[in-house]
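**Student:** Here you go, one structure.
Laboratory data are not the source of any read-out in this text; all were calculated from the coordinates shown. Model, not experiment: these values are computed from the prediction. Don't worry about glycine lacking a Cβ; one is built from the backbone with ideal geometry, like all the others, and counts go over all protein chains shown.
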């Protein structure tokens, strides 16, 4: 292994990792605030990717505007689903929620196949050119995806830990009844968490669209990776999801570069090994 190939794999892993974190954070927010494991979360990532693809390719809308539109539409979709489907059954137990979200996943996947087709799509380069340093070459699309992902992650951290609404989310995640007694509007904050979670998943899909092929069934793979990330880092922990995403991205990048697609099992082997030592994840025990 040369120094250049090692550094290339590391940087690619970080770029993929910060994008995975966006998906995992959305899943963590929804689970931490509402106790809902959204099995359909990967399909929101897929819809975000397709919406950016069509807005840019067919309507020739600026990429940044298309990404913003995708986040807003998926965020509103999250608010709609929370109010219509999840709020009424919030107290009916984990199994009921899993059945509903699994059904939603199947509906969205089948609908996407009908609307978008089953063929994979490739989006044209949004940012042309590349940057080389220390023997490593990065395309403009990868650089921009990393920068936007980092900016969004910083925004989420500021919102959750630095605003009144974010502190309300933390209070609900720690003790729903106590938060309600303190005057926190549970329904409003839960809807906000759902909308934000969907917007983050859509952003991740839109950021990955210029760098990878997209198709109507891509959500399943992303969901498994997001689940691995939040379990690895610790359920309900935003710092844990961040750490888990970086680890998964780096492991995946090194594995693909040096061992091929057989390495797709490595993140899950790592997850099993970590859980044997720390059953609650690397940073388990924290709520948001």
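**Student:** Place the peptides 268-278, 77-87 in order of packing, highest mean first, counting for every residue the other Cβ atoms within 10 Å and averaging per peptide. All intermediate terms of the calculation are to be shown ahead of the outcome.
**Tutor:** Values: 268-278: 13.1, 77-87: 17.6.
Answer by packing, highest mean first, reads 77-87, 268-278.
**Student:** To continue, here is another question. Can you tell me the equivalent ellipsoid semi-axes for the stretch 34-189? Use √(5λ) from the Cα gyration tensor, largest first, whole Å. Walk me through the numbers on the way to the answer.
**Tutor:** On the way: eigenvalues 229, 108, 35 Å².
They are 34, 23, 13 Å, listed from largest to smallest.
**Student:** Considering only 193, 42, 220, give the residue with the highest GNM mean-square fluctuation for the chain, with springs between Cα atoms whenever their separation is below 10 Å.
**Tutor:** With Cα springs under 10 Å in the chain, the top fluctuation among 193, 42, 220 is at 220.
**Student:** Next question. For the Cα atoms of the chain, what angle does the longest principal axis make with the long axis of helix 94-116, in degrees from 0 to 90, nearest 10?
**Tutor:** So the inclination is approximately 40 degrees.
**Student:** Next up: Calculate, in whole percent, how much of the Cα-Cα pair population of the stretch 160-288 lies beyond 26 Å.
**Tutor:** Working: 2778 of 8256 pairs.
Within the stretch 160-288, distances greater than 26 Å cover 34 percent of Cα pairs.
**Student:** Taking Cα atoms of the stretch 87-156, Rg/Rh with Kirkwood Rh, to two decimals? Mind showing how you got there, number by number?
**Tutor:** Values: Rg = 20.0 Å, Rh = 16.5 Å.
Here the Rg-to-Rh quotient is 1.21.
**Student:** Return the Rg/Rh value of the stretch 1-113, two decimal places, where both radii are evaluated on C-alpha atoms and Rh is the Kirkwood radius. Spell out each step's value before the answer.
**Tutor:** On the way: Rg = 17.3 Å, Rh = 16.1 Å.
On the Cα set of the stretch 1-113, Rg over Rh gives 1.07.
**Student:** What number, in percent, do you get for the relative contact order of the chain if the mean sequence gap of Cα pairs under 8 Å and at least 6 apart is divided by its residue count? Intermediate results must be reported in sequence, preceding the final value.
**Tutor:** On the way: 472 pairs, mean separation 107.0, N = 288.
The value is 37 percent.
**Student:** Still on this structure, I have one more. Any chance you could tell me what percent of the C-alpha pair distances in the stretch 120-168 go past 13 Å? List each step's numbers first, then the result.
**Tutor:** Numbers: 810 of 1176 pairs.
For the stretch 120-168, the fraction of Cα-Cα distances above 13 Å is 69 percent.
**Student:** Let me ask another. Exposure proxy check: 161, 53, 20 ranked by fewest other beta carbons within 10 Å?
**Tutor:** On the way: 161 13, 53 22, 20 27.
Fewest to most other Cβ atoms nearby, the residues stand as 161, 53, 20.
**Student:** I've got another one for you. Using the Cα atoms of the stretch 1-52 to build a convex hull, what is its mean projected area in square nanometres? Can you show the working numbers first?
**Tutor:** On the way: hull surface 20.1 nm².
Computed as one quarter of the Cα hull surface, the answer is 5.0 nm².
**Student:** Let me ask something else about it. When all alpha-carbon pairs of the stretch 191-252 are counted, what percent fall beyond 18 Å? Numbers along the way, then the final one.
**Tutor:** Details: 783 of 1891 pairs.
For the stretch 191-252, the share of Cα pairs beyond 18 Å comes to 41 percent.
**Student:** Using only the alpha-carbon atoms, what does the stretch 155-228 span along each of its principal axes? Please give whole angstrom values in decreasing order.
**Tutor:** Projected onto the principal axes, the Cα atoms of the stretch 155-228 cover 48, 22, 20 Å.
**Student:** What list do you get for 41, 128 if you sort them by fewest beta carbons within 10 Å?
**Tutor:** On the way: 41 27, 128 9.
Fewest-to-most Cβ neighbours within 10 Å comes out as 128, 41.
**Student:** Moving on to the next point. Taking all pairs of different Cα atoms in the stretch 111-217, averaging 1/r and flipping that mean, what Kirkwood radius in angstroms comes out? Working shown, then result.
**Tutor:** Working: mean 1/r = 0.0592 Å⁻¹.
For the stretch 111-217, inverting the mean 1/r across all distinct Cα pairs yields 16.9 Å.
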